[in-house]
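What follows draws every value from the coordinates through simple rules; no lab data is involved. Keep in mind the model is a prediction, meaning the values are calculated, not measured. No Cβ is skipped: glycine too gets one built from the backbone with ideal geometry, and neighbour counts run over all protein chains shown.
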Amino acid sequence: MHYDYLIVGAGLYGATFANIISKQGRTCLVIEKKNHIGGNVYTKNINGINVHMYGAHIFHTSDEEVWNYVNQFADFNNYINSPIANFKGELYHLPFNMNTFKEMWGVETPEEAKKIIEEQRAKEGIDNPTNLEEQALSLVGRDIYEKLIKGYTEKQWGRDCKDLPSFIIRRLPLRFEYNNNYFNDKYQGIPIGGYTGIIEKMLEGIEVRLGTDYKTFLANEAAGKDITFDLVLYTGPIDEYFDYKLGQLEFRSLCFKNEILSEVDDYQGNAVMNYTDRETPYTRIIEHKHFEFNKCKGTVVTKEYPAAWKPGDEPYYPINDERNNALYEKYRILAEKEEGVIFGGRLGSYKYYDMDKVIAAAIDAARAEL
Ligand SMILES: Cc1cc2nc3c(=O)[nH]c(=O)nc-3n(C[C@H](O)[C@H](O)[C@H](O)COP(=O)(O)OP(=O)(O)OC[C@H]3O[C@@H](n4cnc5c(N)ncnc54)[C@H](O)[C@@H]3O)c2cc1C
């Protein structure tokens, strides 16, 4: 068999690329090392509830083209992300807005809230923050920092805020309106029926081989020339492609613990509850049915635990510090020289990408090919 493209990875990037080029008459074979399609956006139906198996995914974009593109594959509901923060039983609306300030200080007007924040910032007297704690204090003052930022961030990174670089938090948007919409984008929602359905439709009519790792595939099926291809689109980790010859790029990982609660119809009344104290070991509880306004009996919740990453673990968040960025740059130069291979997606680019940005990048890459 001969294909124009071998696409490595059936995540959002690989599936978008495959969908566009195959519509233009190019042939492709998609290989995916996991036993399911979708990569990080994979959703699985458990007891009638679409469970986001690799963390909560809320689609949001201001990119008209991307929005029209994904709407070919699913209808989106009008879910608006409005997480709640739980600090030792005190509940606060997120993102930081007038509801949060009312809950924290009892104030009702933007002027009152701004005054408190200004006073708290001034009290800290920090002009040149040298770490994340100082940065946050200089931006929002002590109350918000201690109740809503400190514990959550320390759990996320596994380190004290004083030992984290200030660049992790460049800005902390404060909204002086009663508006709990987490995102500012023009479009937002959850695909009705889950994300896996989108990927299935994108890959309709395209040959997909699950449980197939790239290197093993090259050593077996492709080695005997039973399968040939002109180009490779590679969406796996860039350092793995080069057999880690320059060193390993680092990630932060997550551990998800799903609980099926058949006797509970509504566990927390909201899709996303952030636990912002240091003591609770998880950072969030996701109750999936609320993403789709699902009124079925029973519920499924997922506790999200930040975890140190070691080679072999699921890579979630790239650690874009100086060391890793410099290493990635070296791999990027190697990748540029690699003939017949296009690198893409979050792992191929060692970059945190929202879904809309991944789709936009894959559309651009496919266009460049056509
Ligand atoms: C916890 C979490 C929450 C997120 N929430 C949001 C959100 O709310 N909104 C939003 O817009 N974005 C969110 N994102 C980002 C979103 O997940 C990504 O934008 C998107 O999934 C990236 O798609 P991708 O195809 O680049 O990568 P992936 O989904 O990782 O796909 C790559 C695929 O390649 C496969 N692969 C890797 N190596 C090989 C190999 N050697 N051989 C064969 N196959 C291989 C992998 O198994 C995987 O299936 C979130 C990300 C995380 C980590």
Contour excess over end-to-end distance, with Cα ends at T228 and K295 and 0.36 nm allotted per residue: 19.2 nm
Entries in K44/K225; K34/K150; K186/K303 that, when Cα-Cα distance is taken, lie over 32 Å: K44/K225; K34/K150
Extension gain, L218 back to D321 (0.36 nm per residue minus Cα-Cα distance, nm): 33.8 nm
Dimensionless Rg over Rh [the stretch 110-169; C-alpha; Kirkwood]: 1.00
Computed log₁₀ I(q)/I(0) - Debye formula, equal Cα scatterers, no solvent, the chain, q 0.08 Å⁻¹: -0.46
Distance in nm between pseudo-label sites at E259 and K310 (7 Å out along the Cβ direction from Cα): 2.8 nm
Footprinting exposure proxy for H60, H36 (fewest neighbouring C-beta atoms within 10 Å first): H36, H60
Folded to 0 to 90 degrees: helix 110-124 orientation relative to the chain principal axis, Cα: 90 degrees
Spin-label zone in the stretch 186-212 - amide nitrogen under 19 Å from a point set 7 Å from the Cα of Q268 along the C-beta vector: 190
Measure of compaction for the stretch 72-187 (Cα Rg per 2.2 N^0.38 Å): 1.17
Label-point gap, in nm, between R278 and N184 - each point 7 angstrom along Cα→Cβ: 3.2 nm
Modelled FRET efficiency - R0 56 Å, T27 with R171, Cβ distances, 0.05 increments: 0.75
Gain in span if fully extended, Y352 to E336, counting 0.36 nm per residue against the direct Cα distance: 3.7 nm
Estimated vicinal HN-Hα couplings, Hz - the stretch 330-344 in sequence order (Karplus 6.51, -1.76, 1.60; Gly, Pro = x): 5, 5, 4, 5, 4, 5, 4, 7, 6, 6, x, 10, 10, 9, x
Exposure proxy ranking, count of Cβ atoms within 10 Å, fewest first, for C296, C28: C296, C28
In order through the stretch 156-166: 3J(HN,Hα) via Karplus (6.51 cos²θ - 1.76 cosθ + 1.60), integer Hz, x for Gly, Pro: 4, 9, x, 9, 5, 4, 5, 9, 9, x, 5
Nearest-ten-degree value, helix 12-23 long axis tilted from longest Cα axis of the chain: 40 degrees
Table column - 3J(HN,Hα) (Hz), the stretch 234-239, Karplus curve with 6.51, -1.76, 1.60, x for Gly and Pro: 10, 10, x, x, 5, 5
The stretch 132-272 - Rg over Rh from alpha carbon coordinates, Kirkwood radius: 1.07
R209 paired with I126, simple spin-label distance in nm, labels 7 Å along Cα-to-beta-carbon: 5.3 nm
Signed unit charges on C-beta, dipole axis of the chain, positive-most listed residue V272, S138, F76: V272
Whole-angstrom Cα spans of the stretch 207-339 along principal axes, big to small: 55, 40, 21
